[in-house]
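Here the structure comes first, spelled out in structure tokens, and everything after it is commentary.
Please treat every number below as a calculation from the coordinates, not as lab data. Here the structure is a predicted model, which means the values were calculated and not measured. Cβ: placed from backbone, ideal geometry, glycine included. Neighbour counts: every protein chain shown.
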Amino acid sequence: MTKVILGMSVSLDGIAGGQSADADGWAIHQAILGWQFPLRSWRQAMGQEGGEDSVDSREWADSFARIGPQVVGRTMFDFGYPHWGENPPFHAPVFVLTHRGQDRIGKEGGTSYSFVTDGIKAAVEQARAAADGKDVLLAGGVSIAQQALAAGLVDEISLRIAPVVLGRGVPLFGASQADLRCVHAVQGEGAVHLRYEVRITRPAWSAKVPAAIA
């Protein structure tokens, strides 16, 4: 059964990205994602050779093997598209949530980019329809994650916790609220790998706060 997985790397204080595309934003991006760049599995997906065969590498490979279509935001697409090349690492349909529609773009290796202008629910539904037994990954950015959680569309949250405290940037969850159950926890060399089943999302924690402390 296809699951919708929110999968992102975050700092120990929950930061998932920078607030801008300047040097500071890039530094935050590197601090959060730097653990994966030396991995053999990550490098193979990028068409590169070498890399480390480690717990982190195996965790990354196992997660990637589950994933089919992905949903990304326009900012992530605009940032990544020039670097992903003619044979991008996705090898599956990618649905770009955007206010600016355009024609579908086909690439080598099974990757395509379709531009969805009618909201996160439509993007997830299209990704599910194309999943063919695989899971759907909500890959970023933060706005995509928060919209999907608020709409009750997420079945599982997969976090890679990098061992850094940033004290600035954009938090992944913000005002999002959910009850979770941990189903996977592994200590890697460069990150802690956690997976949570999303049991329920709701509009406010106050609905479950005892009256004595509400």
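Calculate how many DSSP beta bridges within the stretch 4-207 are antiparallel, expressed in % of all such bridges and rounded to the nearest 5. Show your work: numbers first, answer last.
Working: 19 of 42 bridges.
Beta bridges within the stretch 4-207, antiparallel portion: roughly 45 percent.
Between Rg and the Kirkwood Rh of the stretch 4-207, both from Cα atoms, what is the Rg to Rh ratio?
Using only Cα positions, Rg/Rh for the stretch 4-207 is 0.94.
Compute the whole-percent fraction of alpha carbon pairs in the stretch 1-100 spaced more than 23 Å apart.
Distances greater than 23 Å cover 32 percent of the Cα pairs.
Would you mind working out the magnitude of the charge dipole of the chain relative to its Cα centre, with +1 at each Lys and Arg C-beta and -1 at each Asp and Glu C-beta, to the nearest 20 Debye?
On the way: 19 positive and 22 negative charges, 123 e Å.
That gives a dipole near 580 debye.
Are there GluC sites (Glu not before Pro) in the stretch 66-126 that DSSP puts in a loop and that have at most 10 other Cβ atoms within 10 Å, and which ones?
In loop regions of the stretch 66-126 (DSSP not H, G, I, E or B), the sparsely surrounded GluC sites (Glu not before Pro) are 86.
List the aspartates and glutamates whose Cα sits under 18 Å from the Cα of residue 134, skipping any in the same chain fewer than 8 residues away.
Of all the aspartates and glutamates, those that pass the test against residue 134 - Cα under 18 Å, at least 8 places apart if same chain - are 59, 62, 125, 155, 156, 197.
With the Cα gyration tensor of the stretch 134-182 in hand, convert its eigenvalues to equivalent ellipsoid semi-axes via √(5λ) and list them largest first in whole Å.
For the stretch 134-182, the semi-axes come out at 19, 13, 12 Å.
Identify all aspartates and glutamates with a Cα-Cα distance to residue 107 below 16 Å; exclude those on the same chain that are fewer than 8 residues away in sequence.
Partners found: 78, 86.
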